[in-house]
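The values are calculated or read from the model by the stated rules, or taken from the named source; none is laboratory data. Please read all numbers here as calculations on a predicted model, not as lab measurements. All Cβ positions, even for glycine, are placed from backbone atoms using ideal geometry, and neighbour counts span all protein chains on display. Side chains included, ligands, DNA and RNA excluded: accessible areas come from the protein's heavy atoms. Shrake-Rupley method; radii C 1.70, N 1.55, O 1.52, S 1.80 Å.
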Protein chains: 4
Amino acid sequence: MRAAVLRGPGDVVLEERPDPEPGPGEVAVRVTSVGVCGSDVHYYEHGRIGRFVVEEPLVLGHEAAGLVVALGPGVSSPAVGQRVSIEPGIPDRSCDQCLAGRYNLCPNMRFFATPPVDGAFAEYVVVPAVFAHAVPEIIGDDAAALLEPLSVGIWACRKGRVTAGTRVLVTGAGPIGLLTAQAALAFGATEVTVSDVNPARLALAKELGATAVVDPRQGSVTDLTPAPHVLLECSGHPPAVADAVRALGPAGRAVLVGTGSADVSLPLQVVQERELEITGTFRYAGTWPTAIALVASGRIAPDRLVTSAYPLDQAEQALTAGRRDPHSVKVVLRPQT
Amino acid sequence: MRAAVLRGPGDVVLEERPDPEPGPGEVAVRVTSVGVCGSDVHYYEHGRIGRFVVEEPLVLGHEAAGLVVALGPGVSSPAVGQRVSIEPGIPDRSCDQCLAGRYNLCPNMRFFATPPVDGAFAEYVVVPAVFAHAVPEIIGDDAAALLEPLSVGIWACRKGRVTAGTRVLVTGAGPIGLLTAQAALAFGATEVTVSDVNPARLALAKELGATAVVDPRQGSVTDLTPAPHVLLECSGHPPAVADAVRALGPAGRAVLVGTGSADVSLPLQVVQERELEITGTFRYAGTWPTAIALVASGRIAPDRLVTSAYPLDQAEQALTAGRRDPHSVKVVLRPQT
Amino acid sequence: MRAAVLRGPGDVVLEERPDPEPGPGEVAVRVTSVGVCGSDVHYYEHGRIGRFVVEEPLVLGHEAAGLVVALGPGVSSPAVGQRVSIEPGIPDRSCDQCLAGRYNLCPNMRFFATPPVDGAFAEYVVVPAVFAHAVPEIIGDDAAALLEPLSVGIWACRKGRVTAGTRVLVTGAGPIGLLTAQAALAFGATEVTVSDVNPARLALAKELGATAVVDPRQGSVTDLTPAPHVLLECSGHPPAVADAVRALGPAGRAVLVGTGSADVSLPLQVVQERELEITGTFRYAGTWPTAIALVASGRIAPDRLVTSAYPLDQAEQALTAGRRDPHSVKVVLRPQT
Amino acid sequence: MRAAVLRGPGDVVLEERPDPEPGPGEVAVRVTSVGVCGSDVHYYEHGRIGRFVVEEPLVLGHEAAGLVVALGPGVSSPAVGQRVSIEPGIPDRSCDQCLAGRYNLCPNMRFFATPPVDGAFAEYVVVPAVFAHAVPEIIGDDAAALLEPLSVGIWACRKGRVTAGTRVLVTGAGPIGLLTAQAALAFGATEVTVSDVNPARLALAKELGATAVVDPRQGSVTDLTPAPHVLLECSGHPPAVADAVRALGPAGRAVLVGTGSADVSLPLQVVQERELEITGTFRYAGTWPTAIALVASGRIAPDRLVTSAYPLDQAEQALTAGRRDPHSVKVVLRPQT
């Protein structure tokens, strides 16, 4: 099969590799769509993310959908021919975290496109059957691939206990922020304010259902009245975090999704006087059934973020599209093209 | 002012009464719409509900909206002229239950239209300012009145922890069942099955968004696949309860909203093997902000249930409409007409 | 090795069997103590429990402790020579329930001494390493074995949200009730009332820390003032359940632990007016670390229930001890003697 | 009556004031013991705490117990002669926060000894009956007074969801830290490590049940193995906070109790990768029943912290005792002496 392999910063090549064989409990999937995530771009540009360093050639891509083409020993479901969305993190299912249902915190997690584990910029991947989630026909390939970043938004809403009537502030209108805002609406939030400095992104946020948008250079989120109940922080921009936390009302919850900084300064006195609850999130656990239900029912259309698509042999183009085109939001690779 | 007064079973008359004066912390409200609830009809027909007996003339009606016309001492909000939806239960706000936020369980609750407390089948009522909830113009008078039964549905969804992607079974498609089903959708439920023996009610349920309906004489709810996560029991019909509990999957939740029976038999072994959680509900607490947000945002239109409206002097007609017209769903009185 | 094998009702014999070999991820354990549970006795007497029927010879016993004697491929912990307490239910760790942390509800659970899975009335057993929980020296062999029934009590306390200052009613003072009462105290309950008709059991309950005891033939639990917050129902006696549920105050929780009846009648009106929450329990999940911590710290001494101990070749004596001796509470087998 | 009045920084005098009269719903209490809190000392030394400035003469003291001596209109309980512990914050009981059970976040809270509300360094105080909590004889006067700071610890444990088997780290061994550590033990924590730089305080922590102590100058809390589940931060020392947060394991909870700093820097990446939950606390709500139950049952003896007691006319001595005596832990005033 062909795979797009990252050999070092700025160096992606198409390689022939043996077709992967599904082991016990696994299925082989022909990849139909795979999203390009900011982390893929970061590995491409810098060859590392924090303590994860690309030391051997690495296949990027962890937002993937496809078609089951072969079953490993002991697998009966999903069937060959079933369209699936892939959950790209494989926990050990034996540790205390896994047994407690927090498999995203498994210390032995093997996650697609995180060195040394290969990802899905390839014609085929192998994955445990339980993490190849069947999707109905109504969910297209790109939408199926984007259930992965949508899962980040669903997880954020769960952690923030977003429910009917919740007022939500989403800071940052990148793909994660936009999907998180949509997730918040699907959880019943009746006010979803999105903040960003990019007017095109804010316009898209409104199209996708945000009830208000704010450019923090023109108006502070702390002026929101009544105060939001929940902050879903998707910017990863430390000053934005502190400001947004101050925007919350009593008993507010802040969910820190956006990454990129080692430390963050919080207004301790505000956190105490309002008894704010602040939670970090790390990926997701158990979100696919919800993501599938929300997209299949038409409540969320994650593929509306897709601004361009590339065949596998243009993986590098896909990885640089965001840098080249300021209007790019979400790029997908379609390895079968 | 005029008020429709129940003097005994089947005996409602229009009386002149002094206009009520708001005391400290209270407001006077000119009633614009008030729903007729099954409990009003039950008092009208039987003169009692369980241990609550109509011994003195009683004004019925507890689903009310109106216009603030006077403020008692110490009240600044809501202002005179503000349209409001009335929360009709006045807890003591001093007991352990109130201080714990469970004011619906207050042992000293004074609830509209529950002997000896008068209700809102009248031109004016008086209520603590904090329980006269301001509603925006987009919410009509009938919808504002029906925030009360909608609150029952919201409370049921909270107790059942309905959230995005939840599969819900609502048993019973009376007004409470229909509003509860709508609430479940607003909480993000992606499958909402409604069961009832009345085909017209089932048809209305579908119109209002139910994803499936079932007549239990034709198909058992225990056949639902995959099993619902949450049962919102609104029929009050004991055999239906046991059957519906059996329909739940592992870790399912059953919320018992429907009343009318002293005891209920539950399948203990099923409850244990699936670790089901069964909760009774008693009215609601803290639901009005959510109800207002859901209706104002267009997610729920409770007034779509209204099948007929009467002026105050036809209160008896309103109370008998359900018995006279099999297609009647929700009847309202409009005391200013 | 030797194993005590149930061939049919009332028919237990000692057999020689091959020593079990640990497979990948498993350890072999030399059993030092194994408790006799009511379910073992029930299988012995009736050859079945509900839908589980002894059709092939079955080794009973699921409350077991021992010493690790061999490691299967891939296992590094616990080490050979480590004393362990065995968690006797092996879930598939792949289904939705397992991934959600509710592995006790796994539909593919293989549980010791439940047909056709053999248990621990044997010199050796094999178990996945992750379910062989290391215990410190301060926990004796019998106490280590009884972490299993203690887990039932811990799980009940979790489900009932027993915490500091909770008032608890435990109905039924068999081994499960007694361990559950002790667990409630360890969770911070400050009032733990135990009810039973057996005065010796009630006396033991008091010795173990119950703050009050009641014989339901002499005084009703509904007279308890102030009302308990939590009912931990361990009798499995349907009339006791309904009565005990009535004893709860507003927002009370009832946890149904005791088994034996298909149905149970509940006071629906009480459940609704007080918004009671009723939960069934099925075994436990993630309880061993808590059980170990509680016993190691001296807060609970589960082996105080042990009234007699037998060598492996007297398994039948052990199974009939409860019937023969009215003062028998908990019987253990010590297979190495 | 006599009252100790703070007229400005360092200026406390004894004054004669009229005996307070209980209004509707209130009781008058003869104060028998009142603890000196760090906030009292801070007002005495600086004349302000943040935005709260002593502009008029102020009676300090908010940790108080006494005897009911008079009932206002409408009060029947507690009775005259009843010993009570006073909950010193009076919320409006009408706002959204109060109705939600979060009365500690009431924006209209009137709190003892917080300008312009007088406290309890006086012979008599008046308080709503519902906040004068009856205590049994087994709880002495000083212990009854110290239910207030104990409530801070109980609230911290609730926010941190401390339960049976929890491993807890308490940073800071001042009175709040010491009471919080005791509360954690009463909630079932089996490992409670206390950190402080004061060896005498650490020794006292061990006497009170801490299972380990650590001086952060000699050993880092991040070395604790296994990692604590819950951090109860009682030092208010920002660098300690960040370090202690790093000590937590996956899914850990940090409760920020200690005050004194406007901002705090947190290790964002650690918070995210471990999905830590960080909560500020502001006083407490609904803690007195728990505090009374824990002290009455002998699980916590808050008066073991008392190192000296003064009569009312030596209020200034009481306020300076901590500065004068390095071994001082908790000082009480006994206004009747």
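When you scan the stretch C:4-37, how many residues do you find that are in contact with a Pro (Cβ under 6 Å, 6 or more places away or on another chain) and open to solvent by 60 Å² or more (accessible area, probe 1.4 Å)?
Residues flagged as in contact with a Pro (Cβ under 6 Å, 6 or more places away or on another chain) and open to solvent by 60 Å² or more (accessible area, probe 1.4 Å) within the stretch C:4-37 amount to 2.
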Residues of the stretch B:295-337 satisfying the condition of being in contact with an Asp or Glu (Cβ under 6 Å, 6 or more places away or on another chain) and open to solvent by 40 Å² or more (accessible area, probe 1.4 Å): B:ASP303
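Select from the stretch B:236-248 the residues that are surrounded by fewer than 24 Cβ atoms within 10 Å (Cβ to Cβ) and part of a loop (DSSP other than H, G, I, E, B) and write down the one among them that is nearest to the other protein chains (Cβ to nearest Cβ). Even if it seems obvious, please write down each step before you answer.
If we filter the stretch B:236-248 for residues that are surrounded by fewer than 24 Cβ atoms within 10 Å (Cβ to Cβ), which is where we start, we get B:236-240, B:242-243, B:246-247.
Among the residues that remain, those that are also part of a loop (DSSP other than H, G, I, E, B) are: B:236-237, B:247.
Details: B:GLY236: 9, B:HIS237: 11, B:ALA247: 15 Å.
Checking each candidate, the answer is B:GLY236.
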Odd one out for C:ALA181 among (1) away from chain D (no Cβ under 14 Å); (2) within 18 Å of the chain's Cα centre (by Cα); (3) buried (at least 24 other Cβ atoms within 10 Å of the Cβ): (1)
2 or more residues more than 30 Å from C:PHE131 (Cβ to Cβ), modelled with pLDDT of 95 or more and touching a Leu at 6+ places or on another chain (Cβ under 7 Å): qualifying helices (runs of 4 or more DSSP H) within the stretch C:261-337: C:268-273
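Tell me the strands (runs of 3 or more DSSP E) entirely within the stretch C:1-77 that contain at least 3 residues that are at pLDDT 95 or above and charged (D, E, K, R). Walk me through it before giving the result.
Values: elements: C:2-8, C:11-16, C:26-36, C:63-71.
Once the strands (runs of 3 or more DSSP E) in the stretch C:1-77 are filtered for at least 3 residues that are at pLDDT 95 or above and charged (D, E, K, R), what remains is C:11-16.
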Residue that is assigned by TED's automatic domain parsing to the domain that holds D:VAL127, out of contact with any Leu (no Cβ under 9 Å at 6 or more places or on another chain) and closer than 24 Å to D:ARG283 by Cα, where the choices are D:SER94, D:SER39, D:SER76, D:SER85: D:SER94
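Residues of the stretch B:280-294 being closer than 30 Å to A:PRO228 by Cα and either open to solvent by less than 10 Å² (accessible area, probe 1.4 Å) or more than 10 Å from chain A (Cβ to nearest Cβ) (or both), which ones?
Taking the stretch B:280-294 first, the residues closer than 30 Å to A:PRO228 by Cα are B:281-294.
Selection gives B:THR281, B:PHE282, B:ARG283, B:TYR284, B:ALA285, B:GLY286, B:THR287, B:TRP288, B:ALA291, B:LEU294.
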Pair list, Cβ < 8 Å and 6+ apart or interchain, from the stretch B:99-125 residues that are under 16 Å from C:ARG274 (Cβ atoms) and in contact (Cβ under 8 Å) with a residue 40 or more places away in the chain to residues that are of a type in the set (Phe, Trp, Tyr) and in a loop (DSSP other than H, G, I, E, B): B:ASN104/B:PHE282; B:ASN104/B:TYR284; B:LEU105/B:PHE282
Selection within the stretch C:84-135 - under 19 Å from C:LEU147 (Cα atoms), under 18 Å from the mean Cα position of the chain (by Cα), of a type in the set (A, V, I, L, M) and open to solvent by 20 Å² or more (accessible area, probe 1.4 Å): C:ILE90
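Can you pull out the residues in the stretch A:156-173 that are open to solvent by less than 30 Å² (accessible area, probe 1.4 Å), in contact with a Ser or Thr (Cβ under 8 Å, 6 or more places away or on another chain) and outside any strand (DSSP E or B)?
Those that are open to solvent by less than 30 Å² (accessible area, probe 1.4 Å), in contact with a Ser or Thr (Cβ under 8 Å, 6 or more places away or on another chain) and outside any strand (DSSP E or B): A:ALA156, A:CYS157, A:GLY160, A:ALA164, A:GLY165, A:THR166, A:GLY172, A:ALA173.
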Pairs with Cβ under 8 Å, 6+ apart, first in the stretch D:38-57 and surrounded by fewer than 14 Cβ atoms within 10 Å (Cβ to Cβ), second assigned to a helix (DSSP H, G or I) and of a type outside the set (Lys, Arg): D:GLY50/A:GLN269
Enumeration of residues in the stretch C:232-252 that are hydrophobic (A, V, I, L, M, F, W, C) and more than 24 Å from D:GLY101 (Cα to Cα): C:LEU232, C:CYS234, C:ALA240, C:VAL241, C:ALA242, C:ALA244, C:VAL245, C:ALA247
Top-ranked residue in the stretch B:82-139 [being touching an Asp or Glu at 6+ places or on another chain (Cβ under 7 Å), more than 14 Å from chain D (Cβ to nearest Cβ) and part of a strand (DSSP E or B); ranked as nearest to D:VAL130 (Cα to Cα)]: B:VAL126
Some residue of the stretch A:249-260 being in contact with a Leu (Cβ under 9 Å, 6 or more places away or on another chain), free of Cβ contacts under 8 Å to residues at least 40 places away in the same chain, open to solvent by 10 Å² or more (accessible area, probe 1.4 Å) and in the same structural domain as A:CYS98 (by TED's automatic domain parsing): no
Single unsatisfied condition, D:VAL27 versus (1) touching a helix residue (DSSP H, G or I) at 6+ places or on another chain (Cβ under 9 Å); (2) closer than 28 Å to D:THR259 by Cα: (2)
